[in-house]
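Below is a structure I'd like to ask you about.
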Ligand SMILES: Nc1nc2c(ncn2[C@@H]2O[C@H](COP(=O)(O)OP(=O)(O)O)[C@@H](O)[C@H]2O)c(=O)[nH]1
Ligand SMILES: [Mg+2]
């Protein structure tokens, strides 16, 4: 649920990049961080283990202008995708206002994608979130790899997108699809915010 801070006239929304290990979640955040204007982004923090895998989270507050006089701030997180970081993923997912599921388009990662998408739904169920109520978009990353190694977007839609949510082909390293994905999930989050649903208020 978005946190509304009335005194500071600020709304903070949390977006979590979910997906299997090494699908490109951190690369998305790095690209956004590189391209976001310096006065609109905060520090990116990440904890890495050996071999550049995210252990805990990346964090990027990003202001996207104002709505009705409130500054909207987005906090972007990535989860560690490896199977054994299950509890960390649940912790990071807590309170998410929107989720980007980053799938790895490589054929050999088909099962990992399915498994991770299932894990996302399990995690949502555990925290009592109805996935139909949650702004969710899919991103099919690594579409720059040779055609014989990857699944085309239509095939990934067949494999994963039974909810029929927005999906985007992407190349997170080069940036293709990265802002399109972020923009879409942000829109969904803000649209939901505009709908009459209770928000948590802090401050006065
Ligand atoms: N070819 C290609 N490689 C990518 C792309 N996005 C990420 N990678 C590579 O995939 C690996 C894992 O990326 P990372 O962002 O750390 O994945 P994460 O585990 O989901 O955070 C790294 O070596 C990235 O350079 C992409 O769009 N295309
Ligand atoms: Mg990562």
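Each reported figure results from applying straightforward, stated rules to the coordinates on display, with no laboratory input. Quick caveat, the model's predicted, so the values are computed rather than measured. We place every Cβ from the backbone using ideal geometry, glycine too, and count neighbours over all the protein chains shown.
Out of the DSSP beta bridges found with both residues in the chain, what percent are antiparallel (nearest 5)?
Taking every DSSP beta bridge within the chain, about 35 percent pair in antiparallel fashion.
Right, next: Just to check, using Stokes-Einstein with a Kirkwood Rh over alpha carbon pairs, what's the diffusion coefficient of the chain at 4 °C and 1.567 mPa s in µm²/s?
The Stokes-Einstein estimate is 75 µm²/s.
Further, regarding this structure: Report the Cα centroid-to-centroid distance between segment 127-163 and segment 1-39 in angstrom, as an integer.
19 Å
Still on this model: 222 nm [θ] for the chain, helices only, -39500 (n - 2.57) per DSSP H run of 4+, per residue, to 500?
After summing the helix terms and dividing by the residues of the chain, the value is -9500 deg cm²/dmol.
Give, in nm to one decimal, the length gained when the segment between residue 158 and residue 195 is fully stretched (0.36 nm per residue of separation minus the Cα-Cα distance).
10.3 nm
Okay, moving on. Cα axis of helix 25-35 to longest principal axis of the chain: angle in degrees, 0 to 90, nearest 10?
Orientation of helix 25-35: about 60 degrees from the principal axis.
How high is the relative contact order of the chain, given as a whole-number percent (alpha carbon pairs under 8 Å, six or more residues apart)?
26 percent
Report, in degrees rounded to the nearest 10, the 0 to 90 angle that the Cα long axis of helix 178-194 makes with the longest principal axis of the chain.
So the inclination is approximately 40 degrees.
Roughly what would the spin-label model give for residue 88 and residue 148, points 7 Å off Cα along C-beta, in nm?
Computed distance between label sites residue 88 and residue 148 equals 3.6 nm.
How tilted is helix 110-126 with respect to the longest principal axis of the chain? Cα atoms for both, answer in degrees (0 to 90, nearest 10).
Its long axis makes an angle of about 30 degrees.
Along the Cα-to-Cβ line of residue 173, 7 Å from the Cα, sits a label point; which residues in segment 94-110 have backbone N less than 16 Å from it?
104-107
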